[in-house]
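Since the structure comes first, as structure tokens, the remarks are kept for the end.
Read the figures in this text as sums done on the coordinates, not as results from a lab. Source: prediction; values computed, not measured. Quick reminder, even Gly has a Cβ in these numbers, built from the backbone with ideal geometry, and neighbours come from all protein chains shown.
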Amino acid sequence: MAARGRRTGGGDTRAGIVEAARGLFAAQGFDGTSVRAVAREAGVDPALVHHYFDGKVGLFAEVIGVPAGIDDEIAAAVAGPPESVGERVVRTFLRVWDAPEGRARFQAMVGAVAAHEGAADALRDFVSGTVLTRLAAGAAGGEAFSELAVASAGAQLVGMGMLRYVVRLPTMVEADPEEVVALLAPNIQRLLAP
């Protein structure tokens, strides 16, 4: 006889909560998603959500959190010959977000920040404190990229991500990553290493 009722903690419960939250944040934004709704979707008691994530803000941070090791990936993208930094940055962006989990995370992030100022603040803090700081530190040789150039490169990458993962423009969705790199990397290169 199968067990009845809500699932208890353990096993893949935490991952199930994150997956449920990712879908709800993407579909309903930060404000439209409640801890109770996430718990219901994951089949757990709401207390487990609070236990694992200390509430909705902590859960959101987990959902929009970057994959493990992203600092190393960003460092590798800006290290090396300055003449190929644009290509490395675009490849890193695609490697992180093209995976199914990455696409879902990107969609959840965009939906949440569009609907909630606190979510936008959290994302802005992450981008400023992690990505832009790494890029602003510069490429090989210690030359720092200007903040405006880094922000402009980020705008192009996020715009491409919007069309590829959120709007799902067929041309962008169907484009091979190598095609995207070939078209976008020269623009990023001009911004980061003119």
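Note on A75 and R95: with the Förster distance fixed at 22 Å, the Cβ-Cβ geometry gives a FRET efficiency of about 0.95. Most tightly packed first, judged by the mean number of other beta-carbon atoms within 10 Å of their residues, the peptides 85-92, 153-160 read 85-92, 153-160.
Subtracting the Cα-Cα distance of E83 and S34 from 0.36 nm times their residue separation leaves 12.9 nm of extension gain.
Sequentially through region 83-95, phi angles give Karplus couplings (6.51, -1.76, 1.60; θ = phi - 60°) of 6, 10, 5, x, 5, 5, 5, 5, 4, 5, 4, 5, 5 Hz, Gly and Pro residues having no value and appearing as x.
With a Förster radius of 41 Å applied to the C-beta separation of D12 and S152, the computed FRET efficiency comes to 0.50.
Pop the C-beta distance of A47 and T171 into the FRET formula with R0 = 41 Å and round what comes out to the nearest 0.05. Efficiency for this residue pair is about 0.35. Compared with the direct C-alpha span, the chain from M162 to A61 gains 34.4 nm at full extension, assuming 0.36 nm per residue. A simple rule links phi to the HN-Hα coupling: the Karplus curve 6.51 cos²θ - 1.76 cosθ + 1.60 with θ = phi - 60°, which for region 181-187 gives 4, 4, 7, 8, 4, x, 5 Hz, with x for Gly and Pro.
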